[in-house]
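Step one of this worksheet: look at the structure below.
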Amino acid sequence: MAARAYWSGQIRLALVSIPVEIFSATQSGAKIRFNQIHRPSGKRIAYEKVVPGIGPVDRDDIIKGYEISKGSYVLLEEREIEAVRIESKRTLELVQFVDNGEIDPLYFEKPYYVAPKDQLAEEAFVVLRDAMRKAGKVGLGQLSVRGSEKLVALKPCGKGLLLETLRYADEVRQGRAFFDDIDDIKPGAELLDLATTLIDKRTAPFDAGEFEDRYVEALRSMIEKKAKSKSGKAIIDDVEAPVATGGNVIDLMAALKKSVGGATGGSKGAKKAPAKKKASASTRKSA
């Protein structure tokens, strides 16, 4: 089945308009989803929409409202909300370009693939893509979709374009407040060399396929055991406790030397680093 477009409209650069479609570049990975169950009956708990003092209400009687004061709402019909039109609902205008790498990763939110809507749009699409690639630039604009206007960045991606939604400035916390208490310490040259050596030994090309959600696998294994169990008792697997470090006082030099001595180098070592099956700790799996 063909993928459904997240957004359809046009990219505009000055007087040039390019019809495009935008598709989500990510999908949900393997996850364990739980339901809430009534223990005595074993039946799933249902949720009802209720009004205090009235009780359950029909879905057709529900409307959106914006609270302007305590308990006082402005009621809005869906057609009224839909009627609020701004240009970015159908047009993504590229209003600025910045250098590749200039945008702090803190601002990136979610990626989308951008493709020309039809063959007539391909020539202008390719010209824009290749011009940005040649200039080493990323385009910025705003896109209105699903009830909000997103700040977005657009850049070449293979034969197409990659659009990434960005957080606005007021959505990003500045790290200074969290880092101010860190002392200004200048590490010794030998410590830095050992740490750098350890990093070098574990450096390899990134391959998301080498990682998986080990927590999901461990949960799945436990669920399978529980399903086969006749007793109904809790199944608790013993997990090796973390090695005690004696508080915050450690011999950093000795620890680094031991780590460097035991580290494997190159891409071969990097591929062996992530455990592939059923461990209790979690690591991330990129989609």
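The values are calculated or read from the model by the stated rules, or taken from the named source; none is laboratory data. As the structure is a computational prediction, the values presented were derived from the model and not from experiment. Virtual Cβ from ideal backbone geometry, glycine too; neighbours counted across all protein chains shown.
Do we have Gly209 as within 29 Å of the chain's Cα centre (by Cα) and modelled with pLDDT of 50 or more here? If you could, list the steps in order and put the result at the bottom.
Values: within 29 Å of the chain's Cα centre (by Cα): yes; modelled with pLDDT of 50 or more: yes.
Answer is yes for this residue.
Taking the conditions exactly as written (out of contact with any helix residue (DSSP H, G or I) (no Cβ under 8 Å at 6 or more places or on another chain), touching a residue at least 12 places away in the same chain (Cβ under 8 Å), within 19 Å of Glu149 (Cβ to Cβ) and among the β-branched types (Val, Ile, Thr)), does Ile81 satisfy them or not?
Numbers: out of contact with any helix residue (DSSP H, G or I) (no Cβ under 8 Å at 6 or more places or on another chain): yes; touching a residue at least 12 places away in the same chain (Cβ under 8 Å): yes; within 19 Å of Glu149 (Cβ to Cβ): yes; among the β-branched types (Val, Ile, Thr): yes.
Here the answer is yes, as Ile81 does meet what is asked.
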Filter result (more than 30 Å from Ile18 (Cβ to Cβ), touching a residue at least 12 places away in the same chain (Cβ under 8 Å) and either surrounded by 15 or more Cβ atoms within 10 Å (Cβ to Cβ) or over 29 Å from the mean Cα position of the chain (by Cα) (or both)) within region 158-201 = Glu190, Leu191, Leu194, Ala195, Thr197, Leu198, Lys201
So which residues in region 98-114 are surrounded by 17 or more Cβ atoms within 10 Å (Cβ to Cβ) and of a type outside the set (Ser, Thr, Tyr), if there are any at all?
-> Val114
Here are Ala2, Ala83, Ala46: which of them is over 29 Å from the mean Cα position of the chain (by Cα) and at pLDDT below 85?
-> Ala83
Applying the selection to region 104-124, what residues are under 25 Å from Gly147 (Cα atoms), of a type outside the set (Gly, Ala, Ser) and touching a residue at least 12 places away in the same chain (Cβ under 8 Å)?
-> Leu106, Tyr107, Phe108, Glu109, Lys110, Pro111, Tyr112, Tyr113, Val114, Pro116, Lys117
Read through the list (1) at pLDDT 80 or above; (2) part of a loop (DSSP other than H, G, I, E, B); (3) loosely packed, with under 12 Cβ neighbours inside 10 Å, then give the number of the only condition that Pro242 fails.
-> (1)
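Within region 202-233, count every residue that is part of a helix (DSSP H, G or I) and without any contact (Cβ under 8 Å) to a residue 12 or more places away in the chain.
Of the residues in region 202-233, 6 are part of a helix (DSSP H, G or I) and without any contact (Cβ under 8 Å) to a residue 12 or more places away in the chain.
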Is one or more of the residues making up region 247-260 of a type in the set (D, E, K, R), in the same structural domain as Thr197 (by TED's automatic domain parsing), loosely packed, with under 12 Cβ neighbours inside 10 Å and modelled with pLDDT under 80?
-> no
Might you let me know whether region 125-135 holds any residue that is more than 27 Å from the chain's Cα centre (by Cα), without any contact (Cβ under 8 Å) to a residue 60 or more places away in the chain and under 20 Å from Ala25 (Cα atoms)?
-> yes
